[in-house]
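Since the structure comes first, as structure tokens, the remarks are kept for the end.
The values are calculated or read from the model by the stated rules, or taken from the named source; none is laboratory data. What you are looking at is a predicted structure, and each value in this text was computed from that prediction instead of being measured. Ideal geometry is used to build each Cβ from the backbone, glycine not excepted, and the neighbour counts take in all protein chains shown. Protein only, heavy atoms only, side chains kept; ligands, DNA and RNA dropped before computing areas. Shrake-Rupley method; radii C 1.70, N 1.55, O 1.52, S 1.80 Å.
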Amino acid sequence: MFSRDPEAVKLEAGFSTIYALFTPFFFLNIGFGFDPRALGSAAGVGVVLYVAAVVGKFFGAGFPLVFREGWKRVRQSWASAWRLGLRSHC
């Protein structure tokens, strides 16, 4: 698929049917091997990572925008984006 060699592209295309056949079985196997009790111990770590991602996104993208545009303009943009998001989901 990523090769420039025409022979490799033909060979790869021949396997697409096999991939389509066996891919669902792969994911079913992974799903059946999953232990839901493991989520309890990982929930705290997941929450910490989520909070770190949100804070990192704000400081990485939002904070520089405040310096460039000014707090009032950024607040207006966020408010209009919030209203637009609410309208599209109702």
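Descriptive notes on the structure:
- Working note: Karplus 6.51/-1.76/1.60 with θ = phi - 60° gives segment 60-68 the couplings x, 10, x, 5, x, 5, 4, 5, 7 Hz, where Gly and Pro are set to x.
- Segment 1-57, accessible area per residue, ligands and nucleic acids excluded (1.4 Å, Å²): 93
- Rounded to the nearest whole Hz, the Karplus-based 3J(HN,Hα) values (6.51 cos²θ - 1.76 cosθ + 1.60, θ = phi - 60°) of segment 16-27 follow the sequence 4, 5, 5, 4, 5, 6, 8, 4, x, 5, 4, 5, with x at glycine and proline.
- Among Thr17, Thr23, the order of accessible area from largest down is Thr17, Thr23, computed with a 1.4 Å probe on protein heavy atoms.
- Full-stretch length increase - Leu39, Ala52 - with 0.36 nm per residue and alpha-carbon distance subtracted: 2.8 nm
- Where trypsin sites (Lys or Arg not before Pro) fall in DSSP loop in segment 1-45, at most 12 other Cβ within 10 Å: Arg4, Arg37
- In this label model, Ala79 and Phe32 are separated by 5.6 nm, measuring between points 7 Å along each Cα→Cβ vector.
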